[in-house]
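As structure tokens, the structure follows; a few thoughts come after it.
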Amino acid sequence: MNKKESKGIRNASDRKIDRPSIFFALLSGFLLFLSFPKFGLGFMAWIAFVPLFIALRNVVSMRRALLLGWLTGMTACIGVLYWIAYVIVNYGNMPLHLGVAIMLLLASYLSIYYALFAAGMVYLRKNVPLYFVAPVLWVCLEYAKSKLFTGFPWENLGYSQFNNIFFIQIADLAGVFGLSFLIILLNAAFFEIITERSKKSFVLAAAVLLIWSGVYGYGVVRINQSNQAMKEAPEMEVSLIQGNIDQSIKWNANFQEETIHIYEELSLRHQAVNGGLMVWPETAVPFNFQDENELQHRVKNLPVKTKSWFIFGSMSYAPGKEDTDYFNSAYLLSPQGDIRGKYDKVHLVPYGEYVPLRTLFPFISRLAAGIGDFAEGKGFYPLTMGDRKVGVMICYEGILPEAARMYKNAAAELLVNITNDAWFGTTSAPYQHLSMSVFRAVETRLYLVRAANTGISAIVDPTGKVIARTEIFKKDEIHGRVKFIRMPTLYAKFGDWLAGGSFICLAVLFMVNFKRRKRNVS
């Protein structure tokens, strides 16, 4: 057999994907979606990539690596994002097959990042150790996914650890990408031990174990520091109201009076002390609050009755360049019933709050039924509540680290997340949404209070501990306390420095790999 024939046989063999490789790629995806809510088995993420590494162990072809990575991504993304089909079918008035197709289309796009991850490791591993290239490459791709095309940071890998209270404290240094980096590093160490069983692999495992011990030690220290700061900090009572208004009647004018009555009743059940804070969810007031009418007077009179500051969601409008601009807004009322501030949502959700490419895809406009197209707010500027500043994040903004960072740097002392998760039904999405919001408290070392129409409403302390929460689809209220502490954090000041460093490292890795390949060829 000549060299040409031998090479042809090897290429044909490499193009053929064996069943064990497919199984291991799918297993990785399966373990990944088990890591996130509703399952929430965060420890699964520590080993989730090991099967994919095994599947790629003898792969040479970039095409094969891309396909195996894509299979892992599709399995994980479908398991995490299946609820998108539910939203589209139930509130977009689309047939089931079209809802599933759109969900699969999004999953396919997100799986490209997994495919690039697999291909990148195969390309670089001969000249760069896996335990170095894998974490750096993953962080770069996860950051790109979070920013490109308006960004989709939903359930980035690090969010799987929301229940791991000691581990997540590192988020005040490196954000959620820091956690993702460490999780991939641990996966690489496990893979090296399983497959190599050499002295080098055990030294690596010991080094990784030492790093993880340091992370947990840091967590213990920061939790103690936060608890000490909270003991000495001024406090305020808060009431979070969960009206549980059915999405199908939310925008029906015939139910506006009933909706306000439900919120009034819940708000007066357990009132905060004088000067406390009461919070209603996103668009809890189902009309334009700036229009003077009887319902507006009732809403404005509520903080007077309760002697509390009052934050609630409502639509608002203002003259635009061509037509009237509508905003998804949050109002702040004083205990005297005066409007003291208004925040307009900055980061709008495509096909939920505005419809890009409406002329090309007119059928999808129905997703915005009852809401319409909103205009963007001017920026993340805190609302002033007496001598305190409050940062408001509406719905999806609760999963955006940059929103909380901007508020922290603008001297906000409390984060308020108002949302309407009724769209998600009883799927895993409400639980996923809360799990990501928890990190905003850790990154900024601020209390976060969350009022959701159908749940989950919660109070989260600066260590990421959920100290009070409601169940979904239940009329309820939370009465608790928040404290105003001032703890600077590296992440709030410098943001995603780890991602920037990872891109630089990745560029260096490709240069080193290219030179070594060139040297080997010559």
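The values are calculated or read from the model by the stated rules, or taken from the named source; none is laboratory data. Computed from a predicted structure; not experimentally measured. Every residue, glycine as well, gets a Cβ built from its backbone with ideal geometry; the counts of neighbours run over all protein chains shown.
Okay, here's what the table says:
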read-out: From the options THR150, THR72, residue that is in contact with a Phe, Trp or Tyr (Cβ under 6 Å, 6 or more places away or on another chain), more than 25 Å from ALA206 (Cα to Cα) and either among the hydroxyl-bearing types (Ser, Thr, Tyr) or in contact (Cβ under 8 Å) with a residue 24 or more places away in the chain (or both); value: THR72
read-out: Scan of the range 133-158 for residues that are assigned to a helix (DSSP H, G or I), touching a Leu at 6+ places or on another chain (Cβ under 8 Å) and not β-branched (Val, Ile, Thr), ordered by number; value: ALA134, PRO135, LEU137, TRP138, CYS140, LEU141, GLU142, LYS145, LEU157, GLY158
read-out: The range 16-62 - residue that is out of contact with any helix residue (DSSP H, G or I) (no Cβ under 7 Å at 6 or more places or on another chain) and basic (Lys, Arg) and, of those, surrounded by the fewest Cβ atoms within 10 Å (Cβ to Cβ); value: ARG19
read-out: Some residue of the range 254-266 being outside the structural domain of PHE162 (by TED's automatic domain parsing), hydroxyl-bearing (Ser, Thr, Tyr) and either buried (at least 17 other Cβ atoms within 10 Å of the Cβ) or farther than 19 Å from PHE310 by Cα (or both); value: yes
read-out: Wholly within the range 9-88, helices (runs of 4 or more DSSP H) carrying at least 3 residues that are at pLDDT 95 or above and small (Gly, Ala, Ser); value: 19-34, 62-81
read-out: The range 453-500, residues that are assigned to a strand (DSSP E or B), of a type outside the set (Val, Ile, Thr) and under 30 Å from GLN247 (Cα atoms); value: ALA458, ALA468, ARG469, ASP476, GLU477, HIS479, GLY480, ARG481
read-out: ARG469 surrounded by 21 or more Cβ atoms within 10 Å (Cβ to Cβ), in contact with a helix residue (DSSP H, G or I) (Cβ under 9 Å, 6 or more places away or on another chain) and either touching a residue at least 24 places away in the same chain (Cβ under 8 Å) or of a type outside the set (Phe, Trp, Tyr) (or both); value: no
read-out: Residue list for the range 472-500, filter: surrounded by 16 or more Cβ atoms within 10 Å (Cβ to Cβ) and either of a type in the set (Asp, Glu) or within 18 Å of PHE181 (Cβ to Cβ) (or both); value: ASP476, GLU477, THR489, TYR491, GLY495, ASP496, TRP497, LEU498, ALA499
read-out: Count of residues meeting criterion [among the small types (Gly, Ala, Ser) and either part of a helix (DSSP H, G or I) or not assigned by TED's automatic domain parsing to the domain that holds VAL482 (or both)] in the range 383-426; value: 4
read-out: Sole exception among (1) modelled with pLDDT of 95 or more; (2) under 23 Å from the mean Cα position of the chain (by Cα) for PHE149, by number; value: (1)
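Conditions tested, residue by residue: (1) within 18 Å of ILE168 (Cβ to Cβ); (2) touching a Ser or Thr at 6+ places or on another chain (Cβ under 7 Å); (3) in contact (Cβ under 8 Å) with a residue 12 or more places away in the chain; (4) not assigned by TED's automatic domain parsing to the domain that holds TRP154.
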| position | (1), (2), (3), (4) |
| --- | --- |
| SER428 | no, no, yes, yes |
| ALA441 | yes, no, yes, yes |
| ARG450 | yes, yes, yes, yes |
| ILE459 | yes, no, yes, yes |
| PHE473 | no, yes, yes, yes |
| ILE478 | no, yes, yes, yes |
